[in-house]
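Structure provided below as structure tokens; questions to follow.
Read-outs throughout are calculated quantities, based only on the coordinates presented, and are distinct from any laboratory measurement. Owing to the predicted nature of the structure, the values given are computational and were not obtained by experimental measurement. Cβ coordinates were reconstructed from backbone atoms using ideal geometry, including for glycine residues, and neighbour counts include every protein chain displayed.
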Amino acid sequence: MSVLEFQLSDLSFAIDISVGHLMHFTVVEEGRLLSPLHRAPWVDDPDAVFEETTPANVRRLSGDFFCAPFGRNDVEPGPTHGWPANSAWSHSGTEESEDRLTAVFTLERTVMGATVEKRLTLRAGHPFLYQEHRLSGGEGAISVAHHVMVRMEAGGRLAVSPKAFACTPDEALEPDAARGRSILAYPAEASDLRSFPLADGDTADLGQFPPGEFHEDFVTLVEAPTDGPGAAPGWSVVSRNTEQDRVLVLKNAAELPVTMLWMSNGGRDYAPWSGRHTGVLGIEDGRASGAGHADSVRQNRLNARGFPTAYALSEDHCVSIRQAIGACSMDENEGDVADLSTASGCVTLRFVTGREKTLRFDEEFLAGA
């Protein structure tokens, strides 16, 4: 059985240990089931067709997975997004108490010689899944990222923590019109996320999803500089129109200085995508260059401007990467999200209407405490 399920009070998650993907994460709020994560339509289709070169992370595409390296795997042999997203994990054990559950998993392969451990934690009363990945030992440098995916039946809004700028890579995700299409300009950069260049000369609001029809696009949002470890966390909040809920993704902005957005809205015509993968927004918090592992570990346009794109590995060192995914209902009277802050064991959402919503949250987790 490759799928393991865990539950604590009104929270649950399932993980596909054949590839380390979160299949689902659910929160019950006042009798309503919130399920914020996406699962590709072909995963449960026994008749799904794949191109021979399709990696396991696409064949089993679900919810969220940990990438090491992120994107192109061009330093040591391995599939796109690395072995943590494409190969088996072992369940090392579960730590349980009345108000906390932590499931621990170990990757059955190494990454640049490092052992990789996954720790997934639920806390009673906290509408969040706390994730930690530990890379112990190894040699060289590795880029990393999470790969959270949210699907919107009829679009939604994205609010994010302050960013320095947004940029696209040198080449579009789908440059071959015979296989798919992209609509953003490549390469391009903008400091105003509400006015990002499109290929046709117009602009798009990156806070509005989707920004167009039948497209596959990728853009990197770079965190505004912080004032040190005590600074506010980096965050993304997706407000889904039809689903009437909000999906929260929080990180330590100093550790993971970029949030890469993958917009998958029917822009790929080849199997297994076949134009049916629509309304999906990937929120990929990382320390990485979107151009792949080799680019992440050499000088690139991000680290040249002071934003790190890789972690150094060493025999006697452990790298810890932490992130949290949460969900809450959306009241139509709240309006758009204006800000998010963490303090005193809570996340506070502030809306343009002046209203607020508070959720229980362990803010010390992101700081590594």
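Can you list the residues, at least 5 places off or on another chain, whose amide H is less than 5 Å from the amide H of Thr278, using H built in the peptide plane?
Counting only residues 5 or more places away or on other chains, the set is Gly266.
At 222 nm, what value in deg cm²/dmol follows for the chain if DSSP H runs of at least 4 each add -39500 (n - 2.57) and the sum is divided by all its residues, to the nearest 500?
Helix contribution divided over all residues of the chain: -500 deg cm²/dmol.
So which trypsin sites (Lys or Arg not before Pro) in segment 276-369 end up in coil per DSSP with only 14 or fewer other C-beta atoms within 10 Å?
Those satisfying the criteria are Arg276, Arg298, Arg355.
Right, another one. What is the packing order of peptides 234-246, 178-190, taking the mean over residues of other C-beta atoms within 10 Å and listing the highest first?
Values: 234-246: 21.5, 178-190: 18.1.
Highest mean packing first, the order is 234-246, 178-190.
Determine ³J(HN,Hα), in whole Hz, for all residues of segment 141-152 in sequence, where each value follows from phi through the Karplus function 6.51 cos²θ - 1.76 cosθ + 1.60 and θ = phi - 60°; x replaces Gly and Pro.
9, 9, 8, 9, 6, 8, 9, 5, 10, 10, 10, 10
Let me ask something else about it. In whole Hz, with x marking every Gly and Pro, tabulate ³J(HN,Hα) for segment 82-87 from phi via Karplus 6.51 cos²θ - 1.76 cosθ + 1.60, θ = phi - 60°.
Those phi angles translate into x, 5, x, 9, 9, 9 Hz.
Turning to a different aspect of this structure: Take each of the peptides 33-45, 122-134, 142-154, average the number of other beta-carbon atoms within 10 Å over its residues, and list them starting from the highest.
142-154, 122-134, 33-45
Which ³J(HN,Hα) values in Hz, rounded to whole numbers, follow from the phi angles of segment 59-69 under the Karplus curve 6.51 cos²θ - 1.76 cosθ + 1.60, where θ = phi - 60° and Gly and Pro get x?
Rounded to whole hertz, the list is 4, 10, 3, 8, x, 7, 8, 9, 9, 8, x.
Between Arg181 and residues 5 or more places away or on another chain, which pairs have amide H atoms under 5 Å apart, with H built 1.01 Å from N, and which residues are they?
Long-range HN contacts for Arg181: Glu216.
Another question, then. Starting from the Cα coordinates of segment 3-366, work out the convex hull volume and express it per residue in Å³.
Once divided by residue count, the hull of segment 3-366 is 138 Å³.
Additional query: Enter the Cα centre distance for the pair segment 124-162 and segment 291-320, rounded to the nearest angstrom.
18 Å
Restricting attention to segment 14-79, which GluC sites (Glu not before Pro) occupy a DSSP loop and are surrounded by at most 12 other Cβ atoms within 10 Å?
For GluC sites (Glu not before Pro) across segment 14-79 that sit outside H, G, I, E and B with at most 12 neighbouring Cβ atoms in 10 Å, the list reads Glu30, Glu51, Glu52.
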